[in-house]
1. Can you tell me which of B:I90, B:I83, B:I73, B:I148 is of a type in the set (V, I, T) and within 23 Å of B:V29 (Cβ to Cβ)?
2. Which one of these is under 24 Å from B:T80 (Cβ atoms), modelled with pLDDT under 95 and not assigned by TED's automatic domain parsing to the domain that holds A:R22: A:V177, A:V173, A:V145?
3. Restricting the search to the range A:207-245, which residues are under 30 Å from A:V11 (Cα atoms), touching a residue at least 40 places away in the same chain (Cβ under 8 Å) and surrounded by 20 or more Cβ atoms within 10 Å (Cβ to Cβ)?
4. Please list, ordered by first then second residue, the pairs with beta carbon atoms under 7 Å, 6 or more apart or interchain, first in the range B:65-80 and touching a residue at least 24 places away in the same chain (Cβ under 8 Å) and within 9 Å of chain A (Cβ to nearest Cβ), second aliphatic (A, V, I, L, M) and part of a loop (DSSP other than H, G, I, E, B).
5. Answer with yes or no whether B:L115 is surrounded by 16 or more Cβ atoms within 10 Å (Cβ to Cβ) and assigned to a helix (DSSP H, G or I).
6. Given the residues B:I129, B:I148, which is the only one that is at pLDDT below 95 and surrounded by 13 or more Cβ atoms within 10 Å (Cβ to Cβ)?
7. Considering (1) surrounded by fewer than 20 Cβ atoms within 10 Å (Cβ to Cβ); (2) part of a helix (DSSP H, G or I); (3) of a type outside the set (V, I, T); (4) within 16 Å of the chain's Cα centre (by Cα), say which one A:G123 fails and leave the rest.
8. Going through the range A:101-116 one residue at a time, which ones are in contact with a strand residue (DSSP E or B) (Cβ under 6 Å, 6 or more places away or on another chain) and free of Cβ contacts under 8 Å to residues at least 60 places away in the same chain?
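The values are calculated or read from the model by the stated rules, or taken from the named source; none is laboratory data. Note that the structure is predicted; figures quoted are calculated from it, not measured. Cβ placement follows ideal geometry from the backbone for every residue including glycine, while neighbour counts extend to all protein chains displayed.
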Amino acid sequence: MMTTTTADPMVPVPYRIARVIREIDGVFTWHLKSLDGSAFRFRPGQFNMVYHFGVGEIPVSVSGDCRDLDTLVHTIREVGPVTNAMATLRPGDVVGIRGPFGRPWPIDEVTGFDLIFVTSTIGLAPLRPLIYEVLHRRSDFGKVVICYGTRGTDDIMFEADLHRWRARFDTVVHLTVHSAPSGYRGRVGGVASAIRTARVDWPSTQAFVCRSEALTRQAVDTLGGLGVTPDRVWVTLERNMQCGIGLCGHCQLGPTFMCKDGPVYRFDQIEPLYAVREF
Amino acid sequence: MVQITNLEEILSAHPFTAGMDHDALETIVGCCSNAVYHPGDYIFREGDPADDFYLIRQGVVALEIHVPQGQPIVVETLETGEIFGWSWLIPPYRWSNDARASEQVRLLKLDAACLRRKMESDRNLGYEIYKRFLPIMARRLANNRMRIVELALEPRPTHSRRKG
């Protein structure tokens, strides 16, 4: 099998939509196949620039399994003109892909540690490849805990995956919702309450946080209160990525270009920028 | 042989009262009793007099908001080691929401009138109780503010019905 290589990272490679999955209202997942049958290699946490020809191009994290070289998976939320137009595409339609770009989750740096994943709503999409890979290499890690929050019981992303992970004897899933109908037996509350429920060895835990930036700080503070120092918290940030290779400057945040230095950062390395309001 | 644990031991083992000095515990225990609720039981209802407050020994309690002409909504669940109910501290001493047992729960129930009276006559005890309550209230308030932020940032569902 050939590997997709873009000689020019600015030139999109055509991929055909093989399958569309409606995850929840306003969020869909594409399974994509390259037109020439070539493999797509990426590392968990990386993103692609996805091009709807004639409409526009957006950055999207890969949400599939990096060991499945045959299928490229992207999960997209309808939030603007490009993503709304993408939502109208059907299996058989062709889109352009540039990538993969960016710094991946540091899986090799966290072997031997307990791991906690903290995320909410569509934030699970960029973390899902990492969770898949951790579970492929399960014996390399200590405890694995996934804390996931959603608005309600009807907007739980990747619910089948969550059931599968929860069913494993070596993985714990804490799901929480903001509100639920009376009689609901699950947890109701913020993600912070789910974090506090986790039973890991906090001083030897590495945390992966993927939430809105306003909420990342709260998660980091909660983890800090339990003993996870900022140098053991990994976060992912979002900005207006355009070129994907650190040339155009649209995603520049102080000294860093998110498309090539990020989107994954160790929190202590990005923490000073969190205090700068204009950023 | 059945081991009988006295109420003071049970009370001192709860995170809310952990580390409290013996005299204070001895005072509080006079207002304390055990309570068990079965799944679905109401522990208190919105508008009722706030005559007690509760320490969860075991189980899950759902705090619900009554919705006129609709089903109640669960807005928070609390688990083993947590406390609930602070309307007993604030006039007019009436519950502002419902509390129901999500599963069988074992609680320590503190008689609010008894405790208020003791706190009035023993200001050190009152200070001790408030000192333990305030961080919990502050944490829950901060969490709820962040939940508002999260709900504000989260795009509303589009409610499109197209299937891929």
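1. The match here is B:I83.
2. On the way: A:V173 fails: modelled with pLDDT under 95; A:V145 fails: modelled with pLDDT under 95.
Of A:V177, A:V173, A:V145, the one residue that is under 24 Å from B:T80 (Cβ atoms), modelled with pLDDT under 95 and not assigned by TED's automatic domain parsing to the domain that holds A:R22 is A:V177.
3. Within the range A:207-245, A:C210, A:T236, A:M241, A:G244 meet the criteria.
4. B:T77/B:V60
5. Values: surrounded by 16 or more Cβ atoms within 10 Å (Cβ to Cβ): yes; assigned to a helix (DSSP H, G or I): yes.
Taking the combined requirement at face value, the residue satisfies it.
6. Among B:I129, B:I148, only B:I129 is at pLDDT below 95 and surrounded by 13 or more Cβ atoms within 10 Å (Cβ to Cβ).
7. Result: A:G123 fails condition (1) only.
8. none
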